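**Student:** Sharing a structure below in structure tokens format, with a few things to ask.
The values are calculated or read from the model by the stated rules, or taken from the named source; none is laboratory data. Please read all numbers here as calculations on a predicted model, not as lab measurements. Reconstructed Cβ throughout: ideal geometry from the backbone, glycine too, with neighbour counts over all protein chains shown. Ligands, DNA and RNA are excluded from the accessible area calculation, which covers all protein heavy atoms including side chains. Shrake-Rupley method; radii C 1.70, N 1.55, O 1.52, S 1.80 Å.
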Amino acid sequence: MKRVLFTILALAGLAAAFNEAAANPLVFGNKRITLVTPTLLRLEYAENGNFLDAPTMFAINRDSMMAGGYTVEKTVDGKIEINTGKVRMVFNDDNLPFGQGNTKFFFTRNGKEASSTARNLHSKHRNLNLGGSVVTLDAVKAEIPTNDGLLSEDGWYYIIDTGNEILTPDGWFAQRPRTHVQDQYCFIYGDDFHAPFRDLGVISGKIPMTRRYMHGIWYSRWYPYDDKYIAELVDGFRDNGFPLDVLSMDMDWHTINDATTGIGHNNTALGWTGFTWNRDLIKDPGTTIAGLHADSIYVCVNEHPHDGIRPHEDCYRDFMDAMGYRQATDTVLLFDAGDKRYMEAYIDHSRRENHRLGVDFWWLDWQQDYIYPYVRGSRLPHVKWLNRLYYLDTERDGKRGAGYSRWGGWGDHRYPINFSGDARSNWDMLKFEVKLSQTSGNQGCYYWAHDIGGFSGETQPELLARWSQFGALSAALRTHAHRGPKADRRPWIWGDKATESMRTSYRFRAEMMPYIYTSVRKTHETMLPFNRCMFVDYPTDSIAYDRYGQFLLGDLLLAAPITAPGKGENFTASSEVWFPADNDWYDLFTDERHAAGSVATVTKDLATFPVFVRGGWMLPMQPYTQRPGTAQIDHLVLRVYPGVEGDDNRFELYEDDGISQQYADGRFAKTGLRYTQTGKNICLTVDPANGSYEGQPTHRAYTFELAGFGDIKRLKVNGKKARAEIDGGRCIVKIPSTSVRKPIKLEFSTL
């Protein structure tokens, strides 16, 4: 009787302990499981149950976790099973770390049950991974392996955060306790390839909204700009009909030859690091920058920080005072990104003058991992840590942060945008950049601004023109090259055919900015890549895989850049394109229809490039403008291609002031653009703008470009009969400036 009673009491105690453990996070001795979302689980093992709640560079958000909707049960063989509704996790209650032999996950992939085990990623799974990003393309001349991304063909991926530094309340980093043995994030998504991006935003924070002008057109060159060169450059862009938003200055903005100490770089002068304006070139930087700002051009300056602040710099004395060296000295303090006092003084004094002069953001050109592989006293890569510090420094005066640097790895998406490094100029490199821009999004590196045309090597006119077409479809159209005599990337100096081709690309980018910036907002909201691989949206369609020559740009555009030399006097070349089966797709330049689900070889001469619009939606554009990164949308151009019976599609144009943090407080506007079709009757509705922000236009004109519909009849605007113009087979309907708070309804029928 006593044995029976003891057994009953023991089981009752076990049940009570088990029920208590069912509160999220779930604790089982030295094991802790946090159900972050139904498809993201964090697994920890810590001696003595000393679990970690501090954030890390990857896992910034510890507050989000499932409040319910999951079950925890004992199996008949004594194991523990957790079911989130999307994933079943079964593991041994053995008080040992999670591993291949004692932990298993079950989920659905390709409509069937699949499984994986908790372990570090092995070679077979790496072969199934669909690619991520790279730190840099410095000196790269053809395709190289990438890091892993979140997406794998078998529907799961684990990020190992074990041992990585924690972030402290004062904004710095520290080592985690050695008793914290295991820290693993299990992204188990099966057939839902959007889920890991949502989950990345939950645990690692959403990518912030970027400054709008950073997605425009940049000119950059490693060259000693002087006042005359800058003035002629700006005039040249205007006079030749090319837009421009950002002027980027490589290292020659600061003095080079005054440095007498340091380690230098690349077997050249000691002057790569520098903070003192070279006034032999630019006599009055403040006046020069103010003039560029008055013309709505923003200024970025290059920085190689590895040699720190040395005695020849104008800011040296104040910096040394701040570091406690108040007597005259020529002491040189080694650059130390791991010392909080040093970095606060360094950032303050190296940038104080440039903040006052109006420099908009910094290009962090860190290339010194071969000397300093990690921040001193840590395992942190310099690029990742410096990207954070530099970005946060630009969050001042109510502005959004702005970064421009190489890729730092998981968590670095919070400090956009990225510089892909000094790639070589050739066709293989262009082809790889097209692929890399897609796969990088799988790791959260959403916004590459490449060196259009390649940094080094001799670029031919055809190659530069095709590279510019790809740039027009990227996060930013940014030229950059070395200082050699054949490296000038001004787009109007490459001969008539190449110049006209590039004019088309640059103007396409300018006209597409309403859609581009709306797509940036969608990336912020959904964490889906800006340039994304086809399998992201079509994960169960086998034809979507291994198609890195094409990608989705946002939700409405499909692009397949030409990446091989053409033939004949017009440099004609082709791309094979798969058109997903959910819509017909239309060539943006020719209006040619490509049927849903088809595969076609698309041929283009140098004048245009393969880009296609999803049928049955309204694509928001604007007339050409010289400064697309800052232009208000007081005239909205809506390109529309045919949908199908029953379509009811709504796309939202996004607008804000483009530069401030106010978007985070809801200061923005969205305008619904709705396409509906019943039989041959089509209705296009522009909803009243919903929301407001500083500088919002109160009125705007509209131009509807109806393409591919054939003959149109019974055309009405807001219920009244309307007239249209015919331009190259397109039906053009113009509506004078009207309040953005009033709806516009355009109705018509097709024959």
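**Student:** Within the range 698-734, take every residue that is in a strand (DSSP E or B) and basic (Lys, Arg) and give me the one that is nearest to ASP657 (Cα to Cα).
**Tutor:** Per the criteria, the residue is ARG700.
**Student:** So, in the range 59-74, of the ones that are outside any strand (DSSP E or B) and over 31 Å from the mean Cα position of the chain (by Cα), which residue ends up surrounded by the fewest Cβ atoms within 10 Å (Cβ to Cβ)?
**Tutor:** Checking each candidate, the answer is GLY68.
**Student:** Take SER350 and tell me if it is in contact with a Cys (Cβ under 7 Å, 6 or more places away or on another chain) and over 30 Å from ALA465 (Cα atoms).
**Tutor:** yes
**Student:** Between a first residue in the range 249-264 that is free of Cβ contacts under 8 Å to residues at least 24 places away in the same chain and a second residue that is in a loop (DSSP other than H, G, I, E, B) and buried (at least 18 other Cβ atoms within 10 Å of the Cβ), which pairs have beta carbons less than 7 Å apart while being 6 or more apart in sequence or on different chains?
**Tutor:** ILE256/GLY274
**Student:** Among the residues of the range 26-45, count how many are assigned to a strand (DSSP E or B), under 18 Å from TYR158 (Cβ atoms) and either aromatic (Phe, Trp, Tyr) or touching a residue at least 60 places away in the same chain (Cβ under 8 Å) (or both).
**Tutor:** Adding up the residues that qualify gives 9.
**Student:** If you scan the range 236-249, which residues turn out to be closer than 21 Å to ARG483 by Cα and over 22 Å from the mean Cα position of the chain (by Cα)?
**Tutor:** As a first pass, look at the range 236-249 and keep what is closer than 21 Å to ARG483 by Cα: 236-237, 244, 246-249.
Hits for the range 236-249 are GLY236, PHE237, MET249.
**Student:** Going through the range 244-274 one residue at a time, which ones are part of a helix (DSSP H, G or I) and surrounded by 20 or more Cβ atoms within 10 Å (Cβ to Cβ)?
**Tutor:** MET251, ASP252, TRP253, GLY271, TRP272
**Student:** Of (1) open to solvent by 20 Å² or more (accessible area, probe 1.4 Å); (2) within 23 Å of the chain's Cα centre (by Cα); (3) not hydrophobic (A, V, I, L, M, F, W, C), ASP634 satisfies all except one. Which?
**Tutor:** (2)
**Student:** Moving to a separate point now. Pick out the one residue from THR268, THR273, THR287 that is of a type in the set (Ser, Thr, Tyr) and modelled with pLDDT under 95.
**Tutor:** None of the other options fit; the residue is THR268.
**Student:** Of the residues ALA465, ALA476, ALA487, ALA481, which single one is at pLDDT below 95 and buried (at least 24 other Cβ atoms within 10 Å of the Cβ)?
**Tutor:** ALA481
**Student:** Let me confirm something: among ASN83, ASN95, ASN110, which residue is under 15 Å from ILE188 (Cα atoms) and exposed (fewer than 14 other Cβ atoms within 10 Å of the Cβ)?
**Tutor:** ASN110
**Student:** What are the residues in the range 482-516 that are assigned to a loop (DSSP other than H, G, I, E, B) and touching a residue at least 40 places away in the same chain (Cβ under 8 Å), if any?
**Tutor:** Scanning the range 482-516 gives HIS482, ARG483, ALA487, ASP488, ARG489, ARG490, PRO491, TRP492, MET512.
**Student:** For residues that are open to solvent by less than 10 Å² (accessible area, probe 1.4 Å) and out of contact with any Lys or Arg (no Cβ under 7 Å at 6 or more places or on another chain), scanning just the range 451-462, find the one that is farthest from SER152 (Cα to Cα).
**Tutor:** Step by step, filter the range 451-462, then rank; the result is THR459.
**Student:** Any residue in the range 678-690 that is at pLDDT below 95, within 20 Å of GLU511 (Cβ to Cβ) and of a type outside the set (Asp, Glu)?
**Tutor:** no
**Student:** Using the structure shown, decide if GLY190 is part of a helix (DSSP H, G or I) and of a type in the set (Gly, Ala, Ser).
**Tutor:** Answer is no for this residue.
**Student:** Are any residues in the range 472-481 part of a strand (DSSP E or B) and either more than 24 Å from THR608 (Cβ to Cβ) or basic (Lys, Arg) (or both), and if so, which ones? Walk me through it before giving the result.
**Tutor:** Start the filter on the range 472-481 by keeping residues that are part of a strand (DSSP E or B), which leaves 477-479.
Answer for the range 472-481, where residues must be part of a strand (DSSP E or B) and either more than 24 Å from THR608 (Cβ to Cβ) or basic (Lys, Arg) (or both): just ARG478.
**Student:** Just checking, how many residues over the range 547-572 are assigned to a strand (DSSP E or B) and either touching a residue at least 40 places away in the same chain (Cβ under 8 Å) or open to solvent by 40 Å² or more (accessible area, probe 1.4 Å) (or both)?
**Tutor:** 7
**Student:** Now a separate question. Which of the residues belonging to the range 698-715 are surrounded by 16 or more Cβ atoms within 10 Å (Cβ to Cβ) and either farther than 24 Å from PHE589 by Cα or touching a Phe, Trp or Tyr at 6+ places or on another chain (Cβ under 6 Å) (or both)?
**Tutor:** ARG700, ALA707, GLY708, ILE712, LEU715
**Student:** Have a look at ASP339, ASP295, ASP330 and point out the one that is in contact (Cβ under 8 Å) with a residue 24 or more places away in the chain, out of contact with any helix residue (DSSP H, G or I) (no Cβ under 6 Å at 6 or more places or on another chain), surrounded by fewer than 15 Cβ atoms within 10 Å (Cβ to Cβ) and among the acidic types (Asp, Glu).
**Tutor:** Working: ASP339 fails: surrounded by fewer than 15 Cβ atoms within 10 Å (Cβ to Cβ); ASP330 fails: in contact (Cβ under 8 Å) with a residue 24 or more places away in the chain.
Result of the check over ASP339, ASP295, ASP330: ASP295.
**Student:** What about THR608, is it surrounded by 20 or more Cβ atoms within 10 Å (Cβ to Cβ), touching a residue at least 40 places away in the same chain (Cβ under 8 Å) and either charged (D, E, K, R) or assigned to a loop (DSSP other than H, G, I, E, B) (or both)?
**Tutor:** Judged against the criteria, THR608 is not a match.
**Student:** Out of the range 194-243, which residues are in a strand (DSSP E or B) and of a type in the set (A, V, I, L, M)?
**Tutor:** First pass over the range 194-243, keeping only residues in a strand (DSSP E or B): 217-221.
The answer is ILE217, and nothing else.
**Student:** Given the conditions (1) closer than 30 Å to GLN100 by Cβ; (2) surrounded by fewer than 20 Cβ atoms within 10 Å (Cβ to Cβ); (3) of a type in the set (Gly, Ala, Ser), and given that GLY205 satisfies all but one, which numbered condition is not satisfied?
**Tutor:** GLY205 satisfies every listed condition except (1).
**Student:** Among the residues of the range 366-401, write down those that are of a type outside the set (Asp, Glu), open to solvent by less than 50 Å² (accessible area, probe 1.4 Å) and not in a loop (DSSP other than H, G, I, E, B).
**Tutor:** HIS382, VAL383, LYS384, TRP385, LEU386, ASN387, ARG388, LEU389, TYR390, TYR391, THR394, listed by residue number.
**Student:** Within the range 533-546, can you find the residues that are in a loop (DSSP other than H, G, I, E, B) and among the hydroxyl-bearing types (Ser, Thr, Tyr)?
**Tutor:** So in the range 533-546, the residues in a loop (DSSP other than H, G, I, E, B) come out as 533, 538-541, 545-546.
Residues satisfying the conditions are TYR538, THR540, TYR545.
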